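Read the structure below first, then the notes.
Where a number appears in this text, it was derived from the coordinates with a stated rule and is not lab data. Remember, it's a predicted structure, so these values are computed and weren't measured experimentally. All Cβ positions, glycine included, derive from the backbone under ideal geometry; neighbour counts span all protein chains shown.
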Amino acid sequence: MRIGEVAAATGVSTRALRYYEEQQLLSSVRSAGGQRHYPAAVVERVRLIQSLYGAGLSSKVIAGILPCVNTGFATPEMMTRLTTERERLDTQLRELSRTRDRLDEIIAATRIAPSG
């Protein structure tokens with residue numbers, strides 16, 4: 001797949017894909033004309049990267065996690081990092097849930113003002 005095809009398939013800009021390569025989150029093979037070519041599996045990898053970024057992980061942490069995804073193995077240090085990130089996400093989820101519950105209370109206790 002060329003970079004434009006990956007961008008279209010994932011909804012990620014070509015600029016972001018080039019950044020992912022700079023951060024060693026993705027790799028491509030260059031054609032004789034210098035175009036980037038990716039394997040089809042890159043689509044799922046980009047979606048994973050986006051999801052991890054969305055959860056607040058840095059590119060450095062993501063770069064450390066991706067080998068675990070590829071091999072199914074982790075060093076003790078990486079396992080500690082994975083566990084720490086998961087605990088951070090659990091805390092965020094609890095806080096978001098409390099905020100949602102509070103908004104539900106506000107919605108239930110609030111009436112719509114009459115127009116006019």
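What is the set of long-range amide H partners of Arg2 at a cut-off below 5 Å, with H atoms built 1.01 Å from backbone N?
Tyr38
Report ³J(HN,Hα) in whole Hz for each residue of the range 44-55, in order, from the Karplus equation J = 6.51 cos²θ - 1.76 cosθ + 1.60 where θ = phi - 60°; Gly and Pro get x.
Ordered by residue, 3J(HN,Hα) equals 5, 5, 4, 4, 5, 4, 4, 5, 5, 4, x, 7 Hz.
Suppose only helical runs count, i.e. DSSP H with n ≥ 4. What mean residue ellipticity at 222 nm does that imply for the chain under -39500 (n - 2.57) per run, divided by all residues and rounded to the nearest 500 deg cm²/dmol?
Values: 5 runs with 77 residues, N = 116.
The helix-only estimate for the chain comes to -22000 deg cm²/dmol at 222 nm.
Taking the Cα centre of the range 61-110 as the origin, how large is its charge dipole in debye, to the nearest 20, when only Lys and Arg (+1) and Asp and Glu (-1) carry charge on their Cβ atoms?
Roughly 60 debye for the range 61-110.
Cβ neighbours within 10 Å, averaged per peptide: list 62-68, 107-113 in order, most packed at the top.
62-68, 107-113
List, in order, the whole-Hz ³J(HN,Hα) value for each residue of the range 14-23 obtained from phi through the Karplus relation with A = 6.51, B = -1.76, C = 1.60 and θ = phi - 60°; use x for Gly and Pro.
Each residue of the range 14-23 in turn: 5, 4, 5, 5, 5, 4, 4, 5, 4, 7 Hz.
Compute, for the chain, the length of the dipole vector about the Cα centre, with Cβ point charges of +1 (Lys, Arg) and -1 (Asp, Glu) only. Units Debye, rounded to 20.
Numbers: 16 positive and 12 negative charges, 60 e Å.
The dipole of the chain has a size of about 280 debye.
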